[in-house]
Amino acid sequence: MNKYHILVNKDNPISMDYYNKEKLIKVKNVDNEVVLIDKKTYRYYLKLKKELKKSNIIIAISSAFRTIEHQEELYNEFLLKYGSDLTQKIVALPKTSEHHTGLAIDIVLKSMNYDIDYNTIFENEGEYLKIYKILPKYGFILRYPKNKEQITKYNYEPWHIRFVGKKLARKLFDNNITLEEYYQNELLK
Ligand SMILES: [Zn+2]
């Protein structure tokens, strides 16, 4: 299987084999912290960023690869803060986060002060909508789209993009389907 096509979600935890074989590089995120990311994913991210800049949309990486241990800490933090109902909706259990693949990026916008504010982001998502349209050109998909919450089992997340390669990204975009639906629908493969 093409490693860029991997499906990681609440029902499909990442295999330790895949996790251990990942080839990640170090880059800086928006807070100038070192983050790890898949090499090819980063290369295409830079191309995406460059094109968006021409339209005065400035993006940066908030988060990319996360270790299983980090996800565990994050999950426990949210659990203490928000209780289990909300936590289950917004944070993945360790091993089930797509951020373990190194192929997922949370992007933030300069126009939103490089912040993901859950209270205001949905009122002001114009730029995210523009980004969404050109994602397939660079091999990315919006992983948790609007109106697909029942299928992805995640709330709409305009900031979370996932590298799958150009061919698959175009196919998913043109058919308006998620990665889950792609794997359910043999005819599309
Ligand atoms: Zn994310």
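The numbers here are math on the coordinates, done by the rules we state, and not lab data. This one's a predicted model, so the numbers in the text were calculated from it and none came from an experiment. Note that each Cβ is placed from the backbone with ideal geometry, even for glycine, and that neighbours are counted across all protein chains shown.
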Too long for a 27 Å Cα-Cα cut-off, among 10/110; 21/110; 40/81; 47/81; 39/171, are 10/110; 21/110; 40/81; 47/81
Of the listed links 133/166; 95/137; 3/23, those spanning more than 18 angstrom between alpha carbons are 95/137
Which residues qualify? For residue 35, with a placed amide H closer than 5 Å and at least 5 residues away or on another chain, they are 27, 28, 29
Of the DSSP H helices in the chain, the ones reaching 20 Å or more along their long axis in Cα terms and averaging at least -1.0 in Kyte-Doolittle hydropathy are 68-90
Taking max minus min of the Cα coordinates of the stretch 17-109 on each principal axis, largest first, gives extents in Å of 43, 32, 20
If the label point sits 7 Å along Cα→Cβ of residue 43, residues of the stretch 153-171 with amide N under 13 Å come out as 165-166
In whole angstrom, the spacing between the Cα centers of the stretch 1-52 and the stretch 112-128 equals 23
A correct Karplus calculation of ³J(HN,Hα) over the stretch 140-146, with 6.51 cos²θ - 1.76 cosθ + 1.60, θ = phi - 60°, whole Hz and x for Gly and Pro, returns 9, 10, 7, 6, 10, x, 5
Across 10 Å bins beginning at 0, the whole-percent shares of Cα-Cα pair distances in the chain come to 9, 37, 41, 13, 0
Quick calc: nm separation of the 7 Å Cα→Cβ label points for residue 77 and residue 1 -> 3.0
Residue 112 and residue 151 label points (each 7 Å along its Cα→Cβ direction) are spaced in nm at 2.2
Most packed first (mean Cβ within 10 Å per residue), the peptides 83-90, 125-132 order as 125-132, 83-90
